[in-house]
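The values are calculated or read from the model by the stated rules, or taken from the named source; none is laboratory data. Since the model is a prediction, treat every value here as computed from it, not as a measurement. Because the Cβ atoms are built from the backbone with ideal geometry, glycine has one as well, and the counts that use them run over all protein chains shown.
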Amino acid sequence: MKSTVDLAIDAPLPRVAELFANPANNPEWMDDLERIEPVTGELGRAGSVYRMVPKKGQFGGKEFVATVLKRALPGEVQLALDAEGVSMVATDTFQRVSDVKTRMISEEIFTFKGIGAKLFGLLARGRIKAAHRKHIEAFKRFAEGHAAF
């Protein structure tokens, strides 16, 4: 299953990319995330791994393990996220619109493992896409509120 969110953020490209690429910022804009726990590597750098611990009752109670696959700032960040029954690759690209506006395209591709997870993915397609949009819109508000260096 694939979900894409494309939106404009009223903040400069370098700032938007840097804010997004730093996993330590995630709990500030992801309202369903309790914390980030570094596992290996320098947090946010290519090859680093960290755990995403949800707030109680969120993400279906699943912790995701994130691996930074690519960090090519200010243009792109790519993550692999794995949890029981599901894996996802998130590719987020950033394009300069003007000195103070950035276009962000966030693409998530989900792979569900096992018949139960595949059925869940099929039934929850709309909720998953809505959650993706909600997260990226929350990041937009966060980035616009932190636009100044």
Take residue 102 and decide whether it is without any contact (Cβ under 8 Å) to a residue 24 or more places away in the chain and in contact with a strand residue (DSSP E or B) (Cβ under 9 Å, 6 or more places away or on another chain).
-> no
Pairing a residue in the range 112-137 that is under 19 Å from residue 7 (Cα atoms) and at pLDDT below 85 with any residue that is surrounded by 14 or more Cβ atoms within 10 Å (Cβ to Cβ) and among the aromatic types (Phe, Trp, Tyr), where Cβ atoms lie under 8 Å and the two sit 6 or more apart in sequence or on different chains, gives 128/110
So, in the range 1-55, of the ones that are assigned to a helix (DSSP H, G or I) and either touching a Pro at 6+ places or on another chain (Cβ under 7 Å) or of a type in the set (Gly, Ala, Ser) (or both), which residue ends up surrounded by the fewest Cβ atoms within 10 Å (Cβ to Cβ)?
-> 24
When only residues in the range 56-103 that are assigned to a loop (DSSP other than H, G, I, E, B) and acidic (Asp, Glu) count, which is nearest to residue 8 (Cα to Cα)?
-> 99
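Identify all residues within the range 27-76 that are of a type in the set (Phe, Trp, Tyr) and over 19 Å from residue 89 (Cβ atoms); write none if there are none.
Within the range 27-76, just 29 meets the criteria.
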If we scan the range 95-107, do we find a residue that is of a type in the set (A, V, I, L, M, F, W, C), crowded, with 16+ Cβ neighbours inside 10 Å, closer than 22 Å to residue 19 by Cα and at pLDDT 95 or above?
-> yes
